[in-house]
Amino acid sequence: MKEYRVIRMFSKELNREVRVSVMLPHTYAKSERFYPVLYMHDGQNLFDPLTSYDGTTWGILEAYENNPDLPEVIIVGIDNGGNERSNELVPFTFKFSEVGSPEYGDEEYGGNTDVYLNYIVEQIKPLIDKQFRTFKSPKNTALMGSSFGGVCTTYAAMNYGKYFSRFGCVSNAFYVIQNELEEMAKNADLSHVKKLYMDVGNKESSNSIDSQNYVESNNAMYEIIKDKISKNRIAFEVCEDAKHHERDWAKRFPNIIKFLFND
């Protein structure tokens, strides 16, 4: 079984310990090659059932064991901040009570994404580039996440082109800040994007109305973004019967990674 290694860092900016998981390509130890890098949010859910919140992972280790033709990439998982996850991954403030989830109360979330992304590019990325043989340029650096992680990644596509040019935006929960994201997308310059993958399941929620909101909000964002990126560099899919769960994201991962890195 393929393995991964763990680096622990304390972030004064985020006021928490940050656990970083690193999976190296199978040829890494046998060569002197350099590799592109994919940074992924919610790192505890990527590799190990023991750290995943419900015992299910993205199946990345298994995907590389079973698909030897997958692009060789260093994958860096960044654990989310637990109770701070919404604040770090959603760039604008919102209230769950105003987006159809009153059971979460009237507390305000979001707005700390720039602190989180700046920590990645100013602290985590330089450490990874120093410790491993990486291609450091934006054209060989990707960012990917699901749900609020997809929101964060889409935001980064519009604002962090200096560091990333490949973006995987999965099961995006755009609806919580739809108006702000659409306005930003309309004004965004996406000429730096090498690849952008977007998808949404048509059964993201057990509530059919919520699922429709997911599909409609993703369609709306895609309609704005699609004309800003060459057709061969953008992909969007509404995934049949797909739910908001790592099990379903694992099924899509091999095709996503191929799209992002097989130019």
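Some points to look at:
- S101 surrounded by fewer than 22 Cβ atoms within 10 Å (Cβ to Cβ), modelled with pLDDT of 95 or more and out of contact with any Ser or Thr (no Cβ under 8 Å at 6 or more places or on another chain): no
- Single match in E240, E246 (criterion: over 20 Å from the mean Cα position of the chain (by Cα), at pLDDT 95 or above and on the phi < 0 side of the Ramachandran plot): E240
- Checking the stated criteria, H41 turns out to be closer than 23 Å to P126 by Cα and in contact with a Leu (Cβ under 7 Å, 6 or more places away or on another chain).
- Any hit, segment 152-160, residues being touching a Gly at 6+ places or on another chain (Cβ under 6 Å) and either of a type in the set (D, E, K, R) or free of Cβ contacts under 8 Å to residues at least 60 places away in the same chain (or both): no
- Scanning segment 207-250 for residues that are touching a residue at least 60 places away in the same chain (Cβ under 8 Å), in a helix (DSSP H, G or I), out of contact with any strand residue (DSSP E or B) (no Cβ under 7 Å at 6 or more places or on another chain) and not aliphatic (A, V, I, L, M) yields D210, N213, E246, R247.
- Given (1) part of a helix (DSSP H, G or I); (2) open to solvent by less than 70 Å² (accessible area, probe 1.4 Å); (3) not aliphatic (A, V, I, L, M), number of the condition Y197 does not satisfy: (1)
- Put simply, of N67, N83, N87 the only residue that is within 29 Å of N255 (Cα to Cα) and of a type outside the set (S, T, Y) is N67.
- Residues of segment 213-230 satisfying the condition of being at pLDDT 95 or above and either open to solvent by 70 Å² or more (accessible area, probe 1.4 Å) or among the charged types (D, E, K, R) (or both): E216, E223, K226, K228
- Positions within segment 1-37 being within 17 Å of N118 (Cα to Cα) and among the small types (G, A, S), in sequence order: S11
- Here D189 meets each of (1) buried (at least 17 other Cβ atoms within 10 Å of the Cβ); (2) out of contact with any His (no Cβ under 8 Å at 6 or more places or on another chain); (3) not in a helix (DSSP H, G or I) with one exception, condition (1).
- Any hit, segment 140-150, residues being surrounded by fewer than 17 Cβ atoms within 10 Å (Cβ to Cβ) and in contact with a Phe, Trp or Tyr (Cβ under 7 Å, 6 or more places away or on another chain): no
- Entry remark, segment 119-139: residues being outside any helix (DSSP H, G or I), within 15 Å of Y28 (Cα to Cα) and open to solvent by 60 Å² or more (accessible area, probe 1.4 Å) number 1 in total.
- Counted residues, segment 10-38 - those being more than 17 Å from V121 (Cα to Cα) and of a type in the set (A, V, I, L, M, F, W, C): 4
The values are calculated or read from the model by the stated rules, or taken from the named source; none is laboratory data. All values reported here derive from a predicted model rather than from experimental measurement. Quick reminder, even Gly has a Cβ in these numbers, built from the backbone with ideal geometry, and neighbours come from all protein chains shown. Note: areas computed on protein heavy atoms with side chains; ligands, DNA, RNA excluded. Shrake-Rupley method; radii C 1.70, N 1.55, O 1.52, S 1.80 Å.
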